[in-house]
Amino acid sequence: MTDCYIALGGNQGNVRETFDLALQRLDADPRISVVKTSHWIETTPVGSHTDDVFLNGAAQLSVELAPEELLRELQSVEADLGRVRHVRWGARTLDLDLLLYDQLVLEADELIIPHPACWYRRFVLDPLVEIAPDIIHPVKQISISALQQRLLKRPFNFSITGLPRDESTALIEQLQPRFPEVEFSCWESSAGHADPTLIAWLGADDAKTRFEDLPLLPRIDASASRQDTEQIIWLLQSALDFR
């Protein structure tokens, strides 16, 4: 049996009942055992596609399934309980994300383990730390508790890299009014002088600063959001948490 951790989320219908039904369905599978669950917490929705408060939680599973088989089972439970995939960050009855599968690191077309955003999203870490504080993130190589505590420190320093200096400055000028409590910096001008909470790499293949050269712990490959400031705003929202 392999220990796994999943995140639960939803904001449509009776979410607490849906969570209970999902866990019952998983536990009824002879290849899956629900070992432990967190408290359910209310969180402010990230993004602009829904205004309804979310309920989030985490659960520990013990499974006799390969990662891809477990993913298919989670998606089957989502579908049976009314999940419809329309837009990212949208309203939903149930979201089941596979966060950790023991210490496996996997990058496949349909599945990335550990979940690529689980280490900086408060709505994931806050419930997960209840049931797995000492589990080591297999990529970042620190505990779940330490990952959460990093996000609680103030000031929260968000560093941007991979863009020409004028583009970085313009982006910071857009972000600062939305997040007045955050300290923004350009990594190229502050490297060695700051300890950023997160470093968002927004570069391309020809960027002066390569993603691989950034410190492992706080770096995020956000290059897909280079031309989409809204996505960067949502990334910051998920890390800050506004409950």
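For this structure, a couple of remarks:
- Among residues of the stretch 137-187, those that are under 30 Å from residue 107 (Cα atoms), in a strand (DSSP E or B), over 16 Å from the mean Cα position of the chain (by Cα) and of a type outside the set (Phe, Trp, Tyr), counted: 5
- Cβ-Cβ contacts under 9 Å between residues 6 or more apart (or on different chains), taken from a first residue in the stretch 28-45 that is closer than 18 Å to residue 11 by Cβ to a second residue that is loosely packed, with under 14 Cβ neighbours inside 10 Å and at pLDDT 95 or above, are listed as 40/16.
- Residue count for the stretch 171-185 satisfying the condition of being in contact with a Leu (Cβ under 9 Å, 6 or more places away or on another chain) and either of a type in the set (S, T, N, Q) or under 15 Å from residue 229 (Cα atoms) (or both): 5.
- Restricting the stretch 1-35 to residues that are assigned to a helix (DSSP H, G or I) and open to solvent by 40 Å² or more (accessible area, probe 1.4 Å), the residue that is nearest to residue 126 (Cα to Cα): 16
- Where a residue in the stretch 142-169 is closer than 21 Å to residue 185 by Cα and surrounded by fewer than 18 Cβ atoms within 10 Å (Cβ to Cβ) and its partner, wherever it lies, is of a type in the set (S, T, N, Q) and at pLDDT 95 or above, with Cβ under 8 Å and at least six apart: 153/197
- A residue that is open to solvent by less than 20 Å² (accessible area, probe 1.4 Å) and not in a helix (DSSP H, G or I) cannot be found anywhere in the stretch 226-237.
The values are calculated or read from the model by the stated rules, or taken from the named source; none is laboratory data. The model shown is predicted, which means the values in this text are computed figures rather than measured ones. Cβ sites come from the backbone with ideal geometry, for glycine too, and all protein chains shown count toward neighbours. The area values use the complete protein model at the heavy-atom level, side chains included, leaving out ligands, DNA and RNA. Shrake-Rupley method; radii C 1.70, N 1.55, O 1.52, S 1.80 Å.
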